[in-house]
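Here the structure is laid out as structure tokens; the discussion comes afterwards.
Just so it is clear, none of the values below were taken in a lab; they were calculated from the coordinates. Computed from a predicted structure; not experimentally measured. Here Cβ is always computed from backbone atoms with ideal geometry, including for glycine, and neighbour counts include all displayed protein chains.
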Amino acid sequence: MSEQAAQVIPSFWVEAVEPLRNFFIEKLGFGHMMGVVGKDGNLDFAIVTRDGLNVMMGRPETRIDGIGPKAATDRAVEIYMYVGDVDAYHKEVTGRGVSAVERLETQWWGDRTFAVKDPYGYKIWFCQTVGEVKPPAGVNMI
């Protein structure tokens with residue numbers, strides 16, 4: 001067995017896989033890696049990928065609260081993904097009609113970031129480390 005680099009792969013449980021899969025492919029430029037079709041002809045599960053980033057999504061077999069589209073409140077989890085050139089990726093994504101819910105800017109912790117929301121209301125951050133950590137006055141880092 002070959003050695004694999006450590007990574008975390010987000011996995012979303014959703015009401016319907018297709019809207020989320022299509023968002024990642026059509027709006028965020030990911031590619032389809034694999035999918036599993038359910039007995040009803042719809043996707044039960046899918047994985048999308050881009051430049052080493054993988055995202056899994058599936059319909060749960062048992063009831064899970066909060067899997068519908070556009071939750072009334074912010075989701076408790078946000079996804080933070082590193083890309084090679086965040087400025088170019090921002091231009092690509094916004095060029096496909098996706099609105100950034102957090103504008104492209106350099107953060108005090110040294111990352112340049114922007115964020116979008118997927119069809120299920122999850123905030124997905126894209127980032128690139130561009131500088132050193134420079135905490136603002138009053139921030140106590142340990």
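So what's the gap between the Cα centers of segment 74-142 and segment 35-61, to the nearest angstrom?
Value for the Cα centre distance between the two parts: 25 Å.
Could you derive backbone 3J(HN,Hα) for segment 129-137 from the dihedral phi with the Karplus parameters 6.51, -1.76 and 1.60 (θ = phi - 60°), listing whole Hz in sequence and x where the residue is Gly or Pro?
Taking θ as phi minus 60°, the curve returns 6, 10, x, 8, 5, 9, x, x, 4 Hz for segment 129-137.
Counting other Cβ atoms within 10 Å, keep those with at most 11, restrict to DSSP loop, and tell me which GluC sites (Glu not before Pro) in segment 18-122 are left.
Glu61
Considering amide H positions built from the backbone, and no H for Pro or chain starts, which residues 5 or more places from Met81, or on another chain, come under 5 Å of its amide H?
Trp125, Phe126, Cys127
Give me Lys27, Lys91 ranked fewest to most by other Cβ atoms within 10 Å of their Cβ, as a rough exposure proxy.
Placing the least packed residue first, the sequence is Lys91, Lys27.
Using Cα springs under 10 Å in a Gaussian network model of the chain, which residue among Asp44, Asp111, Asp65 shows the largest mean-square fluctuation?
Of Asp44, Asp111, Asp65, the most mobile in the Gaussian network model is Asp65.
State whether segment 1-102 is rounded, prolate or oblate according to the following rule on the C-alpha gyration tensor (a ≥ b ≥ c being the square roots of its eigenvalues): a/c under 1.5 gives rounded; otherwise a/b larger than b/c gives prolate, and the remaining case gives oblate.
Cα axes put segment 1-102 in the oblate bin.
Please identify, among Val14, Val37, Val83, the residue showing maximal mean-square fluctuation in a Gaussian network model of the chain using a 10 angstrom Cα cutoff.
Val37
Return the calculated 222 nm mean residue ellipticity for the chain, to the nearest 500 deg cm²/dmol, obtained by summing -39500 (n - 2.57) across DSSP H runs with n ≥ 4 and dividing by the residue count.
-3000 deg cm²/dmol
Quick one: how many lysine pairs in the chain have C-alpha atoms under 30 angstrom apart, if they're 8 or more apart or on different chains?
15
Taking the Cα centre of the chain as origin, sum charge times position over the Cβ atoms of Lys and Arg (+1) and Asp and Glu (-1), and report the length of that vector in debye to the nearest 20.
The dipole of the chain has a size of about 260 debye.
Taking θ as phi - 60°, what are the ³J(HN,Hα) couplings along segment 111-119 by the Karplus curve (6.51, -1.76, 1.60), each to the nearest whole Hz, with x for Gly and Pro?
Karplus values, whole Hz, x for Gly and Pro: 9, 9, 9, 8, 9, 10, 10, 7, x.
Pull up all non-local amide H partners of Arg75: gap of 5 or more, or a different chain, and H-to-H distance under 5 Å with H placed in the peptide plane.
Residues meeting the criterion, in which the H sits 1.01 Å from N, are Lys123.
All other residues with a Cβ under 14 Å from the Cβ of Asp74 taken together, and with Lys, Arg as +1 and Asp, Glu as -1, what is their net charge?
Residues close to Asp74 contribute a combined charge of +1.
Which one, Trp108, Trp125, Trp13, has the greatest fluctuation when you compute a Gaussian network model over the chain with C-alpha springs under 10 angstrom?
Taking springs between Cα atoms under 10 Å, the residue moving most is Trp108.
Tell me, what ³J(HN,Hα) does each residue in segment 57-63 have, in order and in whole Hz, if you take phi through Karplus 6.51 cos²θ - 1.76 cosθ + 1.60 with θ = phi - 60° and put x for Gly and Pro?
Once rounded to whole Hz, the list reads 8, x, 8, x, 6, 10, 5.
For the pair Tyr80 and Asn42, how long in nm is the line joining their label points, each one 7 Å along Cα→Cβ?
Each label point lies 7 Å from its Cα, and together they span 3.3 nm.
May I ask for the angle, rounded to the nearest 10°, between helix 86-95 and the longest principal axis of the chain, with both axes built from Cα atoms and the value confined to 0 to 90°?
50
Show the residues, 5+ positions off or on another chain, whose built amide H is closer than 5 Å to the amide H of Asp44.
Val36, Val37, Gly38
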